[in-house]
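FYI, it's all coordinate maths here, none of it is from the lab. Treat the numbers as computed from the prediction; the structure is a model and nothing was measured. When we count neighbours, we look across all protein chains shown, and the Cβ atoms used for this are built from the backbone with ideal geometry, even at glycine.
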Amino acid sequence: MAVWQVIAWSVGRDFILASPVAVVERLIELVPTWDFWTTIGLSLFRITLGFALAAVVGSFLAALAAAYGIVDALVTPLVSAIRSVPVASFIILVLLWADSSKLATITAFLIVLPIVYANVFQGIRQRDRKMLEFAAVFRVPTRRRILAIDVPAVLPYFAAACRIGVGLAWKSGVAAEVIGVIDGSIGERLYEAKIFLDSASLLAWTVVIVGLSVACEAVVLRLVKRLPGGAA
Amino acid sequence: MKSPIALRKVTRRYDDVVVFDKLTLELDEEHVTAVMGSNGSGKTTIARLVLGLDAADGGTVSGLDGRRPAAVFQENRLCDHLSAVNNVCLVLDHPDRAYAEEHLRRAGLPDEAMHRPVRTLSGGQRRRVAIVRALAGDADLVVMDEPFSGIDADSKADLVQYIRDRLRGRTALLITHDAREAKQFGARVVKLPARAVPNS
């Protein structure tokens, strides 16, 4: 903070680099407004929805791919391709194909999906063979086996995917909002800050995004810990 | 009447190493058969064949169809995050916590250890949970691979009594290197010749 303040002083122009004090002042102005909270709510909902869908669909596809070779052969190359596509290409494609209100959700989904898929797939592959033998010998019913053996084994891989995925969902989701200039979104606020050379607002909203990303990560990891074997 | 479990002229190799060659062994129906031998003689491999976890490279393994197996593995293979009671309930047809507790108590597990994750239990306590898990259910074939490993000699009596009670009327294979253990269960002893290969 001190270094930032010194650099801001030496630059001497608020529109190039606002000082921390100016950013805090802008935050103090923003926080009591209704607009601030609706903006946050909208972006939070859309980006979280994209992340959650990716977590569910990615895990489900990974389970199917681990169980059926044909699904693996079909889905793994597709997911690898999605992983290699630049975020900007996705955003522009989605803008062409879909309603812009869904842009952040679809972008976050497409960015997080390959991470969850790859991690969960690896987790399933790395399950302890000896525990699977135990389940086979005792003929443990599938549902019980999933809860007692599979989920706890895959959970560390899923948690790692969530940790990386939450941050990426926010980065890509907000980038999509900026490019798409989505009405009432955090991305639109960043875009306005650029247009009006308002670096105090730009940095204030960046602080908000980082805070939201960290908070989301904490919530997601807390939820993951509640799954079977999560406290281990 | 089920056909007896029999290994006939069974050969098993791992890579190029022959664990045993043309081994013939029949398990006594509703009794304990103890297989004894030094390390590397293939005791655990026999257990795996009987449990259907390994296939023979030659010969036949018969009498496994329609069996309901259970096992005390060399390693406990417990679900670490589950309690002792839940580990037992996991394999019961109709999970019943009171029933599981009663069995764990009979096997010498203290009450305070019943509901903690088994990863927090001592080695001996974990072994007792693994034994109860194999014996509390309705299995008609029980394979026990060195069941007393990690159990203190002075706290063994109640466990021996529990196992003896639960094995009554069941077909069991006991893998051990201790002749006294085989005797405690009135087992017929089959000795394997020593071979210089590592245990699988």
Inset, instruction - Specify whether the C-alpha gyration tensor of chain B places it in the rounded, prolate or oblate class, a ≥ b ≥ c being the square roots of the eigenvalues: rounded for a/c under 1.5, otherwise prolate if a/b is larger than b/c and oblate if not. - result: prolate
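Quote the FRET efficiency, to the nearest 0.05, computed for B:VAL18 versus B:ALA153 with a Förster distance R0 of 30 Å and r equal to the Cβ-Cβ distance. It would help to have the intermediate numbers written out before the result.
On the way: r = 36 Å, r/R0 = 1.19.
Efficiency computed from Cβ-Cβ geometry: 0.25.
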Legend entry - GNM result for chain A, Cα springs below 10 Å: residue of A:LEU78, A:LEU53, A:LEU203 fluctuating most strongly: A:LEU78
Inset, instruction - Could you work out how far apart the two model spin labels at A:LYS130 and B:HIS177 are, taking each label as a point 7 Å from the Cα in the direction of the beta carbon, and quote it in nm? - result: 1.7 nm
Legend entry - Top of A:TRP34, A:TRP205, A:TRP170 by mean-square fluctuation, Gaussian network on chain A, Cα under 10 Å: A:TRP34
Inset, instruction - For chain B, with a Gaussian network of springs between Cα atoms less than 10 Å apart, report the residue from B:LEU82, B:LEU173, B:LEU51 with the top mean-square fluctuation. - result: B:LEU82
Inset, instruction - From zero up to wherever the largest Cα-Cα distance of the range A:160-229 sits, split into 10 Å bins and tell me the percent of pairs in each. - result: 20, 43, 24, 10, 3, 0
Legend entry - Other protein chain Cβ atoms within 10 Å, averaged over every residue that makes up A:222-229: 1
Legend entry - Span from the the range A:41-92 Cα centroid across to the the range A:197-212 one, whole angstrom: 29 Å
Legend entry - Straight-distance crosslink candidates among lysines, where the alpha carbon sits under 24 Å from A:LYS194 and sequence neighbours closer than 8 are dropped: A:LYS102, A:LYS171
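Answer rounded, prolate or oblate for the range A:21-225, using the Cα gyration tensor with square roots of eigenvalues a ≥ b ≥ c: rounded when a/c is under 1.5, else prolate when a/b is larger than b/c, else oblate.
On the way: a/c = 3.33, a/b = 2.00, b/c = 1.66.
Note, shape of the range A:21-225 comes out prolate.
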Legend entry - Set of lysines near B:LYS156 by C-alpha distance (under 25 Å), chain-local residues within fewer than 8 positions excluded: B:LYS43, B:LYS183, B:LYS191
Legend entry - Label zone at A:TRP97, where the point sits 7 Å out along the Cα-to-Cβ direction: the range A:164-189 residues whose backbone N lies under 14 Å: none
Legend entry - Distance between modelled label sites at A:ALA81 and B:SER38, nm, 7 Å Cα→Cβ extension: 6.1 nm
Inset, instruction - Decide, for the protein assembly as shown, between rounded, prolate and oblate: order the square roots of the alpha carbon gyration tensor eigenvalues as a ≥ b ≥ c, take rounded if a/c falls under 1.5, and otherwise choose prolate if a/b is larger than b/c, else oblate. - result: prolate
Inset, instruction - Would you mind computing, in nm to one decimal, how far apart the modelled labels at A:ILE146 and A:SER89 are, each placed 7 Å from Cα along Cα→Cβ? - result: 3.5 nm
